[in-house]
Each structure stands twice: as structure tokens, then as C-alpha cells.
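In what follows, a structure is listed as C-alpha cells, so that the remarks can point back to it.
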Amino acid sequence: MRHQLSFACEGAALAASLDDAAGTTGLLIVSGGNEIRSGAHRGMAMLAARIAGAGHPVFRFDRRGIGDSEGANGGFESSGPDIGAAIAAFREAAPHVTRIIGFGNCDAASALLLHQPLALDGLIVANPWTYDGEAEEADEPALPPAAAIRARYLSRLKDPKSLLRLLKGEVDFRKLFRGLSALKTSPAPAAPDSLAARIDHAVAELGPPATILLATGDRTAQAFIESCPSALNRLPVERLASASHSFAGDDGTWLAERILAVLE
């Protein structure tokens, strides 16, 4: 059963939803960007219902200044108090829960990694945002990372239709050579004060166990792969061959299965 409730965070009343279930391991969903707790196209609400249906309570909330919550929106980098208050509210609303796993996509994943220590028993972070600036400023970076360019051209070189277009002279060779040059370009190391470097450091200092989920065709995921290679060596990674940043449609089944595998 779904309940609507509110809790306090630094003097502001935050709106939340609890999908109750009997299990003692619960899922805390942190929303990314400026999305409300239901998520894009109600994706997080549907995910919550699915996880609760499998026996695990799920808590979602609107951070300060978003949706039905009071206060000023300070972005994901200032959301540590919101997440901490949500954890406490989850435990109060579902006192039978003994373990809480945090899940976030995009800059919500970055927030979970950056805001430590947190009273969480594990993390599931999907397509972490590594570009400096807020994720809501652009769904995708104006310029794709070199990893995205490499993936695109390698895919085209393996496609018989693309090779046929090349033989017919239907390909812009200037664009082709620019793309091929990216295949040989090594990514520059992240600046020490960049978001990517801080996330890499946060992963190195991480206390609770964590799992990374990546939609390999998504630019944000590709940028994370390129910018935070050491994080990929430290944590288990699950990859989905998809360009869906929010795991829409059938990809939602894959996402739910990976979350349930951690919860159970």
C-alpha cells in the first residue's frame, strides 16, 4: 500500500511516498535533476510499486525546493541533509526495516556517492553524472564525450549498411576522419577539483558496498566510464546495451531485476 507523508529537513517540510511491504530491507530512491519523486513518466513510482510488490518497502521524496517540498532548491551537491533526513524518516515510517539500500540515477547517483557518511547499508548508482554543473541544465552534454564518438564510429564500421554507403560515396569524409581521429585520442585526466575527480575519490573512500549500473549507449554513462576509470575497477558494474538514460520501457525490467538482486 502506498502512503503519502512529510518530514522535516532544516526547517522545511519535505513530501514523500512510502510503498509499504513486509520485508526488512528497504529501498530509498533519490530523484535526479529537478525531477519530482514520481520520476520521468512516473518511472520511479512504477519502479517503487514493482519493488514493493516483491516484498521490499520503498521510500521516495522530493528534495527541498522540488515538487511538493518546501525550501530552496540548492541542487544535488547540497542535497546531503535532504538524503539524511529521508533516511531517518524512512526508518520512522517503517520501523521493521533493518537495512536500507540507496538508489539514484544521474546526479542522484552522484549525490549518493558524494554525501558521505550516510546511514545506508548499500548503494546502487546508475549512470552517474560527472559533468560540472547541474544535470538539469542539459539532458545530454552539448558535445558528446570521446567515448561516445568512439562507440558511434566503431558501431558504424561494423554495420554493413554503413560500409555500403561508404562505397557509394554517400559519406561525408571530413566528418568520418574527425570521428576516426577520436578513436586514437586518449582521454585527458580530470582536474583535481572537478566533479569527476571528486566522485572517483568518493568511491575510493566508500564505506557501504555499492553497485554501478550503466546504460552503455547513454552519453552520461559513457562520460562516467571515461572520466572515472578507477571507480569501475573498485566496484561491481552491471552493463545494459541501451541508450535509455532513465531505463525506460523494457529496460525498466532489467533495472528492477538488478535492484532486487541487491536487496535480496
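The values are calculated or read from the model by the stated rules, or taken from the named source; none is laboratory data. Computed from a predicted structure; not experimentally measured. Virtual Cβ from ideal backbone geometry, glycine too; neighbours counted across all protein chains shown. Each accessible area value is taken on the protein alone, full model and side chains, heavy atoms only, with ligands, DNA and RNA left out. Shrake-Rupley method; radii C 1.70, N 1.55, O 1.52, S 1.80 Å.
Here are some conditions: (1) open to solvent by less than 40 Å² (accessible area, probe 1.4 Å); (2) outside any strand (DSSP E or B); (3) of a type in the set (Val, Ile, Thr). Residue 36 meets all but one. Which one does it not meet? Condition (1) is where residue 36 drops out.
Scan region 112-130 and tell me whether some residue there is open to solvent by less than 10 Å² (accessible area, probe 1.4 Å), part of a helix (DSSP H, G or I) and modelled with pLDDT of 95 or more. Within region 112-130 (the criterion being open to solvent by less than 10 Å² (accessible area, probe 1.4 Å), part of a helix (DSSP H, G or I) and modelled with pLDDT of 95 or more), the answer is yes, since at least one residue qualifies. Being in a strand (DSSP E or B), under 15 Å from residue 119 (Cα atoms) and aliphatic (A, V, I, L, M) is the filter here, so list the residues in region 53-104 that pass it. Result: 100, 101. Within region 249-264, the set of residues being over 13 Å from the mean Cα position of the chain (by Cα) and aliphatic (A, V, I, L, M) comprises 256, 260, 261, 262, 263.
Confirm whether residue 49 is in a helix (DSSP H, G or I), in contact with a Phe, Trp or Tyr (Cβ under 8 Å, 6 or more places away or on another chain) and open to solvent by 30 Å² or more (accessible area, probe 1.4 Å). Taking the combined requirement at face value, the residue does not satisfy it. Remark: residue 21 falls outside the filter, which requires a residue to be open to solvent by 10 Å² or more (accessible area, probe 1.4 Å), out of contact with any His (no Cβ under 8 Å at 6 or more places or on another chain) and farther than 15 Å from residue 109 by Cα. The residues of region 67-99 that are under 26 Å from residue 195 (Cα atoms) and crowded, with 22+ Cβ neighbours inside 10 Å, listed by number, are 76, 79, 82, 83, 86.
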